[in-house]
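What follows is a single structure, written as structure tokens, with notes after it.
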Amino acid sequence: MSEAAELTCAELVELVTEYLEGALTGEELERFEEHLVYCGPCAVHVEQMRETIRTAGALREEDLDPALADELLAAFRGWRHGAA
Amino acid sequence: MNAFKFLLTDRVGPFSGFRWPVGEWVEAHDGRACGAGVHACAPADLPFWLLDELWEVELREPVARGRHKLVARGGRLVRRIEAWDGEAGEDFTVACIERVRGLAVRRPEAAGHLADLGNWAPHVRPAAVASLAARAAEAVEGRDGYDAERAAQADWLAGRLGLEPTA
């Protein structure tokens, strides 16, 4: 964490998951929420992450269309091979 | 003790999403607002939390001090500070720019920050202008500069809004 008075956007992005899990406390939480007050793009990012988690958390495997599941699996396999 | 609290339009908490009633006690432990406590501001804290509506809030003792906020077990909205409105926000923005302009006169290396602030100010909220001005001061004069700019913002708000210091 920087010694600057305010959290940077990059630092906030690193902490989003912990924030949404309620794992930030004390000064770290306060600096995070201060940043959200003055930084509109970061506030949007946190809301998008919150919505993504909410939506993904409500999905069950059987909700997925089989054709889409195959397409996603193929994409992930290609991703792994491409990264290797 | 009485203090101040910024909320979104229609008395909505920015992080809890809780819509605050007027005059009714809200307790931290009832889970409606924030389980960690009811958050509020002393005048010096105000520039860090600038939002749509400003309210005077009565806090239930004991009240703890955070970095830039007060935390209590409970609180209730007493009255809205009507003087904090769109016009006050615009005037606050102008005052921040003028201080950075003064900084740039004393310290020419602040000229770039002044230009950035002038470009951004018409498009962002007062809270963002306050942060940009404080970071400009920090870039040129270090942490003391940052703290001095934040103190000047708090003084401006207390004077313009007619706020009494909290106990």
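The values are calculated or read from the model by the stated rules, or taken from the named source; none is laboratory data. All values derive from a computational prediction rather than experimental measurement. A quick note on method: Cβ atoms are made from the backbone with ideal geometry, for glycine too, and the neighbour counts reach across all protein chains shown.
Evaluate the following for B:Ala64: is it of a type in the set (A, V, I, L, M), farther than 28 Å from B:Val22 by Cα and in contact (Cβ under 8 Å) with a residue 12 or more places away in the chain? Against the criterion (of a type in the set (A, V, I, L, M), farther than 28 Å from B:Val22 by Cα and in contact (Cβ under 8 Å) with a residue 12 or more places away in the chain), B:Ala64 does not qualify.
B:Ala115 meets each of the listed conditions (1) over 16 Å from B:Pro47 (Cα atoms); (2) touching a residue at least 12 places away in the same chain (Cβ under 8 Å) apart from (2). Evaluation of B:Ala3 against the conditions (1) modelled with pLDDT of 95 or more; (2) of a type in the set (A, V, I, L, M, F, W, C); (3) outside any strand (DSSP E or B) shows that the sole unmet condition is (3).
Hey, any hits in the stretch A:50-57 for a residue that's within 14 Å of chain B (Cβ to nearest Cβ), surrounded by 11 or more Cβ atoms within 10 Å (Cβ to Cβ) and not small (Gly, Ala, Ser)?
So in the stretch A:50-57, the residues within 14 Å of chain B (Cβ to nearest Cβ) come out as A:50-51, A:54.
Keeping just the survivors that are surrounded by 11 or more Cβ atoms within 10 Å (Cβ to Cβ) gives A:50.
So of that shortlist, the ones also not small (Gly, Ala, Ser) come out as A:50.
Yes, that holds for at least one residue.
All conditions in (1) touching a Lys or Arg at 6+ places or on another chain (Cβ under 8 Å); (2) under 24 Å from A:Ala43 (Cβ atoms); (3) without any contact (Cβ under 8 Å) to a residue 40 or more places away in the chain hold for B:Leu50, with the sole exception of (3).
Of the helices (runs of 4 or more DSSP H) that lie entirely inside the stretch B:59-164, those containing 2 or more residues that are of a type in the set (A, V, I, L, M, F, W, C) and within 26 Å of B:Val38 (Cα to Cα) span B:126-161.
Here the stretch B:112-163 is the region considered, the condition is being small (Gly, Ala, Ser) and touching a Lys or Arg at 6+ places or on another chain (Cβ under 7 Å), and the residue that is farthest from B:Pro14 (Cα to Cα) is B:Ala152.
Residue by residue, here is whether (1) within 14 Å of chain B (Cβ to nearest Cβ); (2) in contact (Cβ under 8 Å) with a residue 60 or more places away in the chain; (3) within 18 Å of the chain's Cα centre (by Cα) holds:
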| site | (1), (2), (3) |
| --- | --- |
| A:Glu6 | yes, no, no |
| A:Gly26 | yes, no, no |
| A:Leu29 | yes, no, yes |
| A:Leu36 | yes, no, yes |
| A:Cys42 | yes, no, yes |
| A:Glu47 | yes, no, yes |
| A:Leu64 | no, no, no |
| A:Leu68 | no, no, no |
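If you go through the stretch B:126-159 and keep only what is under 12 Å from the mean Cα position of the chain (by Cα), at the interface with another protein chain (Cβ under 10 Å from one of its Cβ atoms) and surrounded by fewer than 22 Cβ atoms within 10 Å (Cβ to Cβ), you end up with just B:Ala128.
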